[in-house]
1. Looking at (1) touching a strand residue (DSSP E or B) at 6+ places or on another chain (Cβ under 7 Å); (2) at pLDDT 70 or above; (3) within 16 Å of ARG131 (Cα to Cα), can you tell me which one GLU87 breaks?
2. Restricting attention to helices (runs of 4 or more DSSP H) lying wholly within segment 123-239, give those where 3 or more residues are touching a residue at least 12 places away in the same chain (Cβ under 8 Å) and more than 21 Å from the chain's Cα centre (by Cα).
3. When SER179 is evaluated against the numbered criteria (1) open to solvent by 40 Å² or more (accessible area, probe 1.4 Å); (2) in contact with a strand residue (DSSP E or B) (Cβ under 7 Å, 6 or more places away or on another chain), which criterion, by number, is the only one it fails?
4. Can you tell me which of GLU145, GLU204, GLU164, GLU231 is out of contact with any Gly (no Cβ under 8 Å at 6 or more places or on another chain), modelled with pLDDT of 95 or more and either open to solvent by 30 Å² or more (accessible area, probe 1.4 Å) or basic (Lys, Arg) (or both)?
5. Given the conditions (1) modelled with pLDDT under 90; (2) part of a loop (DSSP other than H, G, I, E, B), which single one is not true for PRO50?
Amino acid sequence: MEPNDCHNCEIRSLALFGEISSEGVDQFAEQTYQVQYPAGATIYEQGDKPEAAFTLREGIIKLVRNPGTDRSQIVRLLVKGDLMGIEGIFEEPYRQSAIALTPVRVCYLPLPMLDRMRTEEPRFTEALLGRWRRALNEVEELAVELGTRKAEERVAAFLLHWQEKAEHDDDDWMPFPLSRTELGQMLGLRVETVSRVLARWKREGIFEERSSRLRLLEPDCLDQLLAQGTETATAAHRE
């Protein structure tokens with residue numbers, strides 16, 4: 001654990017504290033601190049009683065939901081600045097498990113502190129609900145997109161979504177720490193299907209992959225695939 005310097009935080013503009021006054025930051029920041037986790041670590045588990053929410057400062061986290069069977073569903077990938085575990089402020093248990101896909105660094109935000117902020121910082125509740133709403137919209141939009149697509153189209157839709165969400169370096173490489181099995185869990189596809197599609201696209205030069213990083217070389221091909229799928233579905237619906 002290490003203390004936070006919220007005034008000089010490199011992600012303050014992305015985090016909740018970016019929405020409140022400097023006086024509010026001074027009042028509450030000393031109650032927060034940073035925690036580091038290695039890849040594969042579980043930050044919290046579905047169904048646990050929450051003690052804190054978290055802002056992701058560095059790395060990538062997957063939110064996993066287990067519906068009570070042996071099959072888990074990855075519902076969302078989190079990147080720098082994303083908020084997680086906020087359901088605790090509404091007196092709900094954690095709705096998913098949060099697992100580090102890479103080494104991560106998070107800000108620990110105690111729930112009693114967040115509850116005080118709701119009453120003492122007028123802009124905080126609005127900011128909190130805004131982030132909650134954006135997170136739900138992201139999950140819903142991706143679920144609708146994937147749920148109406150064929151296998152190849154689902155993979156294409158996710159890669160284009162991830163291209164927009166993930167950080168890129170100067171050469172347009174982006175982190176891609178998902179295994180083929182994890183990608184299948186997220187898209188509702190068999191791992192064999194995911195592997196076959198990606199292997200073909202790699203041979204065709206649509207993307208390249210290196211050390212848990214990925215770069216789209218022909219994103220227009222994926223856009224065209226999705227457009228054709230939409231046209232086919234629309235025509236079939238009319239018939």
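The values are calculated or read from the model by the stated rules, or taken from the named source; none is laboratory data. What you see is a predicted model, and the numbers here were worked out from it, not measured in a lab. Cβ atoms come from the backbone with ideal geometry, glycine included; neighbour counts cover every protein chain shown. Ligands, DNA and RNA are excluded from the accessible area calculation, which covers all protein heavy atoms including side chains. Shrake-Rupley method; radii C 1.70, N 1.55, O 1.52, S 1.80 Å.
1. Result: GLU87 passes all but (1).
2. 191-203, 219-238
3. Among (1) open to solvent by 40 Å² or more (accessible area, probe 1.4 Å); (2) in contact with a strand residue (DSSP E or B) (Cβ under 7 Å, 6 or more places away or on another chain), the lone unmet condition for SER179 is (2).
4. GLU204
5. Exception for PRO50: condition (1).
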